[in-house]
Amino acid sequence: MDIRSYIEPRARMVDKALVSAVKALPRVHPPLREAMLYSLSAGGKRIRPVLLGAACELFGGRFRDVLPAACALEMVHTYSLIHDDLPAMDDDDLRRGRPTCHKVFGEAGAILAGDALLTSAFTVLFSCESRRIPAGRVLKAASILAARAGACGMVAGQSADLEAEGFLSKRGVPRARASALLNYIHLHKTADLIAAPLEMGAALAGAAARESRALSEFGLKLGLVFQAADDILDVVGDKRKLGKSGSDARNGKLTYASLYGVEGARRRLRSLVGQAKSKLRPFGRRAAVFHALTDFFAERDR
Ligand code: GRG
């Protein structure tokens with residue numbers, strides 16, 4: 001399966017829908033709208049919206065009908081990147097190949113752009129209901145997004161990630177403790193927002209609970225695959241292709257690469273790919289696209 005030709009048209013649909021969704025929000029203060037659109041339009045890979053669409057299609061739904069939910073998810077993801085780049089967090093100058101939001105709009109402008117994207121994401125998500133998706137399913141998707149992005153999800157992971165800075169340079173840190181902490185960080189900071197689109201797509205298509213659970217387990221493993229690849233790219237990737245500067249080492253981050261070395265991280269990545277694919281067994285051949293996406297995540301160069 002040529003996974004790029006699967007991803008590309010869907011990613012371009014998301015690009016357009018995101019701009020329309022933000023332009024359609026009424027009475028937004030113009031400089032705020034400009035900062036929101038600046039970061040949203042900077043050309044992310046759109047893998048989370050694509051995953052949401054793929055999950056919805058797996059259970060008989062149509063990507064077109066859940067585009068607002070896909071946009072909502074990308075808005076939450078973009079807010080997290082804007083805030084992560086702030087001087088108080090990772091202090092990065094480059095994101096998606098452009099100066100970071102705070103470099104262009106100032107720190108207050110970037111904080112507000114992130115706040116607005118996070119909150120307005122739910123306005124956009126709720127517009128799904130007008131596309132013949134039953135209200136109960138939309139509510140369920142909103143509750144998944146809030147839980148996976150919030151205080152027991154992505155924000156918890158970010159909090160642990162900041163606390164763990166410099167952890168490995170402390171003397172006598174037991175390896176098992178570092179490994180457990182790394183797993184917690186990656187599961188929440190990254191995998192929660194990779195499992196969320198799969199769970200949301202399943203909820204919006206009305207999937208049965210058992211199938212939705214199986215896809216969610218796959219999503220968490222896929223998130224670890226994605227993050228392991230990211231940790232390796234941060235060390236050996238081409239910074240121009242990545243569109244970011246690679247700040248893990250500078251910030252003393254706890255990553256697969258800093259804990260196990262690049263070769264060790266590659267071994268972990270291969271093992272995680274196997275674990276993720278094993279979670280797809282209940283879906284048989286219906287899951288071909290998810291097998292291809294797993295390989296794409298593991299082998300990506302940006
Ligand atoms: C500030 C609450 C808060 C959370 C920040 C997203 C994040 C959490 C931190 C960014 C740093 C990082 C390594 C996060 C792990 C997830 C990840 C690899 C994000 C980048 O996602 P991509 O590669 O980015 O999909 P694009 O730009 O393609 O959308």
Descending semi-axes in whole angstrom, ellipsoid equivalent of the stretch 140-197, from the Cα gyration tensor:
27, 10, 7
Percent of all Cα-Cα pairs per 10 Å bin for the chain, counting from 0 up to the last occupied bin, reads 6, 28, 37, 23, 6, 0
Quick check on the stretch 143-302: what does the Kirkwood estimate of hydrodynamic radius come out to from the alpha carbon pairs, in Å?
16.4
For L94, other-chain or 5+-apart residues with amide H closer than 5 Å (H placed, Pro excluded) are T100, S245
Per residue, accessible area of the chain with a 1.4 Å probe, heavy atoms of protein chains only, in Å², comes to 44
Given the C-alpha centroids of the stretch 11-78 and the stretch 202-261, what is the distance between them in whole angstrom?
20
Rounded to the nearest 500, what is the chain's calculated 222 nm mean residue ellipticity when only DSSP H runs of at least 4 contribute -39500 (n - 2.57) each, over all residues?
-22500 deg cm²/dmol
Which listed pairs, of K23/K244; K253/K279; K140/K253; K16/K277; K189/K244; K189/K277, have C-alpha distances above 24 Å, in listed order
K23/K244; K253/K279; K140/K253; K16/K277
Quarter of Cα convex hull surface for the stretch 27-80, i.e. mean projection, nm²
4.2
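The values are calculated or read from the model by the stated rules, or taken from the named source; none is laboratory data. Since the structure is predicted, the reported quantities are computational estimates derived from the model, not experimental observations. These accessible areas exclude ligands, DNA and RNA; they are computed on the full protein's heavy atoms, side chains included. Shrake-Rupley method; radii C 1.70, N 1.55, O 1.52, S 1.80 Å.
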